[in-house]
Amino acid sequence: MNLLKLSWKNLTYKPLNMILSLVLFALGTGLVALLLLLNTQLQKQFEQNLAGVDLVIGAKGSPLQLILSSMYHIDAPTGNISVKEAKPFLNPKHPLIKDALPLSMGDSYQGYRIIGTTYEILEFYKASIAQGKLWEKTFEVTLGAKIAQDLNLKIGDEFKSSHGFVIDDNLTHDDASSFVVVGILESTGSVIDQLILTDTRSVWEVHDHGAHEASEEASSENHNHNHDHDHAHGDHDHHDHASPAPASPKSFLEEPDQQITALLLRFKNRGYQSLNMQRNINENTDLQAATPAIEINRLYSMMGVGTDTLQVLAMVIVFVSALSVFIALFSSLKERKYELALMRVSGASRGTLFSLLILEGVLLAILGCILGLILSHGSMSLLSDYLEESYRYPFTGWMFLKEEVWLIVGALIIGFVAALIPAIQASRTDISETLTSS
Amino acid sequence: MLKTEDLAFSYRGESTIHFPDIHCQRGEQWLLLGQSGSGKTTLLHLLGGLRTIQKGKIEINKTDLSQLSGAALDHFRGQNIGIVFQQAHFVRSLNVAENLLLVQKLAGRPSDLPHIKSILDRLHLAPKLYAQSENLSQGEKQRVAIARALVNKPGLILADEPTSALDDSNCLEVIQLLEEQAREENAALLIVTHDNRLREVFKKQIILS
């Protein structure tokens, strides 16, 4: 019968009091832990996918939307830009730009985006081929690891793309050629895992194929009505669709009237000249240039208001739970004064009674905290399915952060502080006075 | 075993109570008789080290109580003195066996369940080993309190009105058991009471005035 066992018996003697304190503690710490998990994973996703990109160039519109659509692939693009406008940035002799990555989008398959681009994308996201090869002709695609796994696609499989970024059978391009899987990438943990990569011309050709109403629609500038209508396609129709053209990666540059969606730029060095470049583009051209780091920080600060509110709420709950531990212990002292005095008679010192009460508070706090951690990881793993479905980013409830150790340490301190006054009170029990008052 | 000299005590603002000197050997059994207000309980608390000595000297087992304080006094009390009170209180969250195990632990002795069982057996409490203390009758509670006072084999057993809450039959049983067990353990037994039923049982008596 040691003190730990005794404090456990004392807690379970009043199960309802104990449950109230435990649930409050679990809610408070659980909410804190859940926010930590969510924030950490979101930030990790955002930072991992920065890929060293210094500037993103696309059509005019919201800079945040441009970044989200072209770097994180979670929002609709702002519109398209013409190859003629993009061409200067793709010049390998550009004095400031180290490398530039063209992106053309507009179609998807089962919700996964088909991106027309060049081989440099592998270098941007440090990806490599796992099976097969990179696309060489139009309508050949190389898949990100997650798509191959989720959709169970293998090399040689064919599929027809769907217009826009939502899953809708009515929007399938039935009359266009099928895409053929020729390769699958190694998993990288970055956004490339959920992209279908192909040649820029493939994206154009899907939409050029005999669909004249699509041509008309596309000829209007800024056709940015909603998610479904953003895609990079031109208004002319002169390709030979019967046999896919071999796609030399940069050959699309020879068609200045075609369109692409965005350009990801990496600078040779980030001097004032490169900063000026962004301002020049925004002020003097029809293009928009946005800096990913700045836009993501803006996004953080916008989300921050929400998380701050929740954090304050969590703190309030933790405070109330500490209060409930305090009240439970303090009110139990009155009922327990004889047994505490009797423990003194039997040889317990003041320190023993102090330790007993502290142990009861700390035990409650630790148990509540552990319950809260289980709660947060459980709800995070439930939430991760939902988040993955809507954002297609991988989230998990089963990662553990070093901050959680601090959460346990914090719970220990809160339990100690909540039990401090009752413990001091208990240690001051005057044996003689208490026993004669009966 | 127990020796007091010139013991006196006064509550704040009240007149000083002087206690007679007590000499009590191991195995001896004494009755301390006195009316309410004669300072019986105060004396017992002084002897048990539950109150600070103001004047005089108490020696238990050749140890001067006034030389001990704090945790050392608590430890000494746990090892050497067993006390039975008028009202038996127990740690409510523990059953009878656990309460007695706790007392062993608090006195710094190893857990000894067979010893606890044999004491309970001697007090006719064997079936109550795992009973919750709140489910015991008054007589049973007082017998468990005796078991608690005996469990660490103390040299001195103090009892404060151990029978005043009991009816005649329970009173007789409890006092006989207390007397028997103290004799068996060869402990000095000192009972403070105003219960006249006990006068016939114990021959050695000190009257407090």
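The values are calculated or read from the model by the stated rules, or taken from the named source; none is laboratory data. The shown structure was predicted, so the numbers you read here are calculated from the model rather than taken from an experiment. Using ideal geometry, Cβ is built from the backbone for each residue, glycine included, and neighbour counts are taken over all protein chains shown. Accessible surface is based on the protein model in full, side chains and every heavy atom, while ligands, DNA and RNA are left aside. Shrake-Rupley method; radii C 1.70, N 1.55, O 1.52, S 1.80 Å.
The table for this structure:
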{"quantity": "Simple label model, 7 Å out from Cα along Cβ direction - A:Glu120 to B:Ser111, nm", "calculated": "7.3"}
{"quantity": "Built amide H within the under 5 Å cut-off of B:Ala187, gap 5+", "calculated": "B:Gly27"}
{"quantity": "Most positive-pole-ward Cα, A:Thr12, A:Leu263, B:His75, against dipole of the protein assembly as shown from beta carbon charges", "calculated": "B:His75"}
{"quantity": "Chain B - percent of accessible surface contributed by carbon and sulfur, probe 1.4 Å", "calculated": "45"}
{"quantity": "Straight-distance crosslink candidates among lysines, where the alpha carbon sits under 17 Å from A:Lys334 and sequence neighbours closer than 8 are dropped", "calculated": "A:Lys14"}
{"quantity": "Chain A, accessible area per residue, ligands and nucleic acids excluded (1.4 Å, Å²)", "calculated": "44"}
{"quantity": "Projected-area mean, region B:2-207, by convex hull of Cα positions, square nanometres", "calculated": "11.3"}
{"quantity": "Pairwise burial A:B, computed as accessible area of each alone minus the pair, summed, 1.4 Å, Å²", "calculated": "2500"}
{"quantity": "With DNA, RNA and ligands ignored, accessible area of A:Ser355 (1.4 Å probe; Å², nearest 10)", "calculated": "50"}
{"quantity": "Heavy-atom accessible area order for A:Tyr125, A:Tyr119, A:Tyr338, largest first, 1.4 Å probe", "calculated": "A:Tyr119, A:Tyr338, A:Tyr125"}
{"quantity": "Shape parameters for chain A, alpha-carbon atoms, Rg then Dmax in Å", "calculated": "31.0, 107"}
{"quantity": "Ranked by how many other beta carbons lie within 10 Å on average, peptides B:13-23, A:171-181, A:15-25 from highest", "calculated": "A:15-25, A:171-181, B:13-23"}
{"quantity": "Percentage relative contact order, region A:376-419, counting C-alpha pairs under 8 Å, at least six apart", "calculated": "31"}
{"quantity": "Neighbour net charge for A:Arg344 - beta-carbon separation under 13 angstrom, K R +1, D E -1", "calculated": "+2"}
{"quantity": "Solvent exposure, largest accessible area first (probe 1.4 Å, DNA, RNA and ligands not counted), of B:Trp30, A:Trp398, A:Trp135", "calculated": "A:Trp398, B:Trp30, A:Trp135"}
{"quantity": "Span from the region A:364-426 Cα centroid across to the region A:120-141 one, whole angstrom", "calculated": "42"}
{"quantity": "Radius 14 Å from Cβ of A:Leu373, net charge of other residues (Lys, Arg +1; Asp, Glu -1)", "calculated": "-1"}
{"quantity": "C-alpha center-to-center spacing [region A:295-345, region B:181-209] in angstrom", "calculated": "54"}
{"quantity": "Mean separation of Cα contacts under 8 Å (6+ apart) over length of region B:2-207, as relative contact order %", "calculated": "30"}
{"quantity": "10 Å Cβ neighbours from other chains, averaged over peptide B:43-49", "calculated": "2"}
{"quantity": "Reduction of at least 30 Å² in accessible surface, 1.4 Å probe, comparing all protein chains with the chain by itself, residues of region B:60-106", "calculated": "B:Asp74, B:Arg77, B:Phe85, B:His89, B:Val91, B:Arg92, B:Ser93, B:Leu94, B:Glu98, B:Leu102, B:Lys105, B:Leu106"}
{"quantity": "Heavy-atom accessible surface of region A:1-96: percent carbon and sulfur, 1.4 Å", "calculated": "66"}
{"quantity": "Probe 1.4 Å, protein heavy atoms only - accessible area per residue of chain B in square angstrom", "calculated": "43"}
{"quantity": "Reach of B:Lys62 by Cα under 15 Å, taken over aspartates and glutamates that are not fewer than 8 positions away in the same chain", "calculated": "B:Glu5"}
{"quantity": "Candidate residues A:His377, B:His194: accessible-area rank, largest first, probe 1.4 Å", "calculated": "B:His194, A:His377"}
{"quantity": "Shielding by partners - mean other protein chain Cβ count within 10 Å, residues of A:258-266", "calculated": "0"}
{"quantity": "Charge tally in the Cβ shell below 15 Å around B:Ser133, where Lys, Arg are +1 and Asp, Glu are -1, B:Ser133 excluded", "calculated": "+2"}
{"quantity": "Candidate lysines for bridging to B:Lys105, where Cα separation is under 17 Å - those fewer than 8 sequence places away on the same chain excluded", "calculated": "A:Lys5, A:Lys9, B:Lys117, B:Lys153"}
{"quantity": "For region B:63-77, 3J(HN,Hα) per residue [Karplus equation, 6.51 cos²θ - 1.76 cosθ + 1.60, θ = phi - 60°, Hz, x = Gly/Pro]", "calculated": "10, 7, 4, 5, 7, 9, 8, x, 4, 5, 5, 4, 5, 4, 4"}
{"quantity": "1.4 Å probe, heavy atoms, protein only - residues of region A:325-369 losing at least 50 Å² accessible area vs chain alone", "calculated": "A:Glu339, A:Leu342, A:Val345, A:Ser346, A:Gly347"}
{"quantity": "Folded to 0 to 90 degrees: helix B:96-106 orientation relative to chain B principal axis, Cα", "calculated": "50"}
{"quantity": "Above-threshold pairs, the threshold being 24 Å between Cα atoms, out of A:Lys44/A:Lys146; A:Lys126/A:Lys268; A:Lys87/A:Lys154", "calculated": "A:Lys87/A:Lys154"}
{"quantity": "Under Karplus coefficients 6.51, -1.76 and 1.60, residue-wise ³J(HN,Hα) of region A:312-322 in Hz, glycine/proline x", "calculated": "4, 4, 4, 4, 4, 5, 4, 4, 4, 5, 4"}
{"quantity": "DSSP-loop GluC sites (Glu not before Pro) across region B:154-209, with at most 16 other Cβ within 10 angstrom", "calculated": "B:Glu200"}
{"quantity": "Nearest-ten-degree value, helix A:402-427 long axis tilted from longest Cα axis of chain A", "calculated": "20"}
{"quantity": "For chain A, size of Cβ-based charge dipole, Lys and Arg +1, Asp and Glu -1, in debye", "calculated": "3400"}
{"quantity": "Ellipticity estimate at 222 nm from DSSP helix runs (n ≥ 4, -39,500 (n - 2.57)) divided over the protein assembly as shown, nearest 500", "calculated": "-14500 deg cm²/dmol"}
{"quantity": "B:Ala131-B:Arg197 FRET efficiency (beta carbon distance; Förster radius 30 Å; 0.05 resolution)", "calculated": "0.65"}
{"quantity": "Mean Cα-pair separation over length for chain A, i.e. relative contact order, pairs under 8 Å, 6 or more apart, %", "calculated": "26"}
{"quantity": "Cα centroid of region A:151-171 to Cα centroid of region B:31-90, whole Å", "calculated": "89"}
